[in-house]
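Report on the following structure.
The values are calculated or read from the model by the stated rules, or taken from the named source; none is laboratory data. Worth saying up front: this structure is predicted, and the values here are computed from it rather than measured. Here the Cβ positions follow ideal geometry from the backbone for every residue, glycine too, while neighbour counts run over all protein chains shown. What goes into the accessible areas is simple: the full protein's heavy atoms, side chains included, and nothing from ligands, DNA or RNA. Shrake-Rupley method; radii C 1.70, N 1.55, O 1.52, S 1.80 Å.
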Amino acid sequence: QVQLVESGGGSVQPGGSLRLSCIVSGNILNINNMGWYRQDPGKQREVVAYITSDGIANYGSSVKGRFSLAGDFAKKTVTLQMNSLKPEDTATYYCNANLRSVERPYGLDYWGQGTQVTVSS
């Protein structure tokens with residue numbers, strides 16, 4: 001069974017930094033892309049950043065220049081370095097992977113359980 005396990009997150013003052021990490025495990029055939037989304041209560045989930053298997057990283061417009069994404073498809077890990085954090089970055093962050101597994105070889109989105117990031121003075 002595919003699992004995405006997140007670590008990191010927490011509370012930080014504006015201007016601070018945090019790092020989120022995610023490990024993907026299971027009977028995986030291949031990963032198409034990995035990344036992070038975030039969601040505030042009452043709002044739609046939005047993309048923060050994702051990286052494709054050919055190494056191209058894409059960022060949401062609100063985080064460009066402040067966040068940096070690194071993905072290791074061999075180790076099945078993805079890390080989000082968040083710098084210059086702002087109060088509007090406060091949200092629950094979810095790891096995401098689009099992948100093919102032995103159980104579901106046609107490709108599917110999988111999600112982590114979510115980790116809270118709070119930016120407040």
Exercise for review: Report the extension gain between residue 62 and residue 113 in nm, rounded to one decimal, defined as 0.36 nm multiplied by the number of residues separating them, less their alpha carbon distance.
Suggested key: 16.1 nm
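Which loop-located chymotrypsin sites (Phe, Trp or Tyr not before Pro) does the stretch 81-121 contain, where loop means any DSSP state but H, G, I, E or B and the Cβ has at most 14 other Cβ atoms within 10 Å? Don't skip to the answer; put the middle values down first.
On the way: sites: 93, 94, 106, 110, 111; in loops: 106.
Counting only loop positions with at most 14 other Cβ atoms within 10 Å, the chymotrypsin sites (Phe, Trp or Tyr not before Pro) in the stretch 81-121 are 106.
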Exercise for review: Mind giving me the nanometre distance, one decimal, between the label points for residue 77 and residue 25, set 7 Å out from Cα along Cα→Cβ?
Suggested key: 1.4 nm
Exercise for review: Report the extension gain between residue 1 and residue 53 in nm, rounded to one decimal, defined as 0.36 nm multiplied by the number of residues separating them, less their alpha carbon distance.
Suggested key: 16.6 nm
Exercise for review: Return the carbon/sulfur percentage of the accessible area of the chain, one whole number, probe 1.4 Å, all protein chains in place.
Suggested key: 46 percent
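Could you please report the charge total around residue 10, scoring K, R as +1 and D, E as -1 over all other residues with beta-carbon less than 13 angstrom from its beta-carbon?
Numbers: positive: 19; negative: 6, 89.
Within the 13 Å Cβ shell, the charges total -1.
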Practice item. Let me see the pair-distance distribution of the chain: every alpha carbon pair, 5 Å bin width, integer percents in order. Key: 2, 12, 23, 24, 19, 10, 6, 2, 1, 0
Practice item. Grab the alpha carbons of the stretch 44-111, take their convex hull, and tell me the volume per residue in Å³. Key: 107 Å³
Practice item. Lys and Arg at +1, Asp and Glu at -1: add these up for the other residues within a Cβ distance under 11 Å of residue 89 and post the number. Key: +1
Check your understanding: Counting only heavy atoms of protein chains, what accessible area per residue, in Å², does the chain have with a probe of 1.4 Å?
Key -> 53 Å²
Check your understanding: Longest exposed-loop-site-free stretch of the chain, with trypsin sites (Lys or Arg not before Pro), DSSP loop and at most 11 other Cβ within 10 Å?
Key -> 76-121
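The stretch 21-74: percent of C-alpha pairs farther apart than 18 Å?
Values: 550 of 1431 pairs.
For the stretch 21-74, the share of Cα pairs beyond 18 Å comes to 38 percent.
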**Study point:** the stretch 66-121 - percent relative contact order, Cα under 8 Å, separation 6 or more
**Key:** 31 percent
